[in-house]
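Below is one structure; the comments refer to it alone.
The values are calculated or read from the model by the stated rules, or taken from the named source; none is laboratory data. Being a predicted model, the structure only gives us computed values, none of them experimental. As a convention, Cβ positions derive from the backbone with ideal geometry for all residues, glycine included, and neighbour counts pool all protein chains shown.
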């Protein structure tokens, strides 16, 4: 990377506990996946193999080897967990994650009906062997909108108490559910209720698949916001948002605004870029 003399927000080095970037793989070609991640590895903390794609990805072993070589942790999307629970195959799911070497697991109830107590029990069982990420919010946009902010906070606190290391706030890979309305608009009131609830922000990971979501959380929380469902092609763009190097967050972190340099004197020749 280029060296620079700019005053930029500090970024914790990996392995870090805040400012996490979780990339979602929705089935990229194996060589593309390896090439792209190798290029941006220093900015990526976690990779999620989205929903149930891991079961139909021929190049999964090669992708996992790439992640191990790069020191990036990985896990399977929560929908795969839910599919196993719906078929009464929890032990098979746990063994699958062990067998492939998952460092993390996601426990969610975005599609199935799962009582809070039962969800907590699964979190406690998995926390013995993995770092658990739970998810709150539903895949169905209308169902998510009916979940009151107070219940969101209650469910987040319950999952953390059960042993989840991080709680993911649902937005889907399309940004059309959970903390977003079905038309993609942010549910600002809900987000504010979560952020002002007293829940440590370092324990929250906001799904933010688009620039609007990413900019909002970075502007509201800071460059250390934990963000997920990031496309591999958006990793560098996200890092520039975190550092105020993009218009959307340009002035968010300027403690001492800099006056733009004066224009060259009229009598001085201008140099045209080659």
### Task
Tell me, please, whether a residue that is in a strand (DSSP E or B), over 15 Å from the mean Cα position of the chain (by Cα) and surrounded by fewer than 20 Cβ atoms within 10 Å (Cβ to Cβ) can be found in segment 164-183.
no
### Number of the exception - residue 59 against (1) in contact (Cβ under 8 Å) with a residue 12 or more places away in the chain; (2) surrounded by fewer than 20 Cβ atoms within 10 Å (Cβ to Cβ); (3) over 22 Å from the mean Cα position of the chain (by Cα); (4) closer than 23 Å to residue 120 by Cα
(4)
### Query
farther than 22 Å from residue 178 by Cα, at pLDDT below 95 and surrounded by fewer than 21 Cβ atoms within 10 Å (Cβ to Cβ) - does that describe any residue in segment 70-80?
no
### Summary
Scanning segment 1-48 for residues that are closer than 20 Å to residue 200 by Cβ, in contact (Cβ under 8 Å) with a residue 60 or more places away in the chain and under 17 Å from the mean Cα position of the chain (by Cα) gives 11, 12, 17, 18, 19, 20, 21, 22, 46
### Query
Any idea which of (1) under 22 Å from residue 114 (Cα atoms); (2) out of contact with any strand residue (DSSP E or B) (no Cβ under 8 Å at 6 or more places or on another chain) is the one residue 211 doesn't satisfy?
(1)
### Query
Of the residues that make up segment 207-224, is at least one part of a helix (DSSP H, G or I), surrounded by fewer than 15 Cβ atoms within 10 Å (Cβ to Cβ) and modelled with pLDDT of 95 or more?
no
### Matching option when the condition is touching a strand residue (DSSP E or B) at 6+ places or on another chain (Cβ under 8 Å) and at pLDDT 95 or above, among 43, 84
43
### Query
Of all residues in segment 84-132, which are over 17 Å from residue 165 (Cα atoms) and in contact (Cβ under 8 Å) with a residue 60 or more places away in the chain?
110
### Query
Any idea which of (1) surrounded by fewer than 20 Cβ atoms within 10 Å (Cβ to Cβ); (2) farther than 24 Å from residue 11 by Cβ; (3) over 11 Å from the mean Cα position of the chain (by Cα); (4) touching a residue at least 24 places away in the same chain (Cβ under 8 Å) is the one residue 190 doesn't satisfy?
(1)
### Message
Which residue is surrounded by the most Cβ atoms within 10 Å (Cβ to Cβ), if the candidates are limited to segment 21-56 and must be touching a helix residue (DSSP H, G or I) at 6+ places or on another chain (Cβ under 9 Å) and in a loop (DSSP other than H, G, I, E, B)?
### Response
44
### Set 107, 100: member being at pLDDT 95 or above, within 26 Å of residue 231 (Cβ to Cβ) and surrounded by fewer than 17 Cβ atoms within 10 Å (Cβ to Cβ)
100
### Task
Tally the residues that are surrounded by 15 or more Cβ atoms within 10 Å (Cβ to Cβ), out of contact with any helix residue (DSSP H, G or I) (no Cβ under 9 Å at 6 or more places or on another chain) and over 24 Å from residue 143 (Cα atoms), restricting the search to segment 81-97.
0
### Query
Within segment 57-73, can you find the residues that are in a helix (DSSP H, G or I) and closer than 17 Å to residue 27 by Cα?
60, 61, 62, 63, 64, 65, 66, 67
### Message
Just to be sure I understand, how many residues within segment 124-163 are touching a strand residue (DSSP E or B) at 6+ places or on another chain (Cβ under 7 Å), buried (at least 21 other Cβ atoms within 10 Å of the Cβ) and assigned to a helix (DSSP H, G or I)?
### Response
4
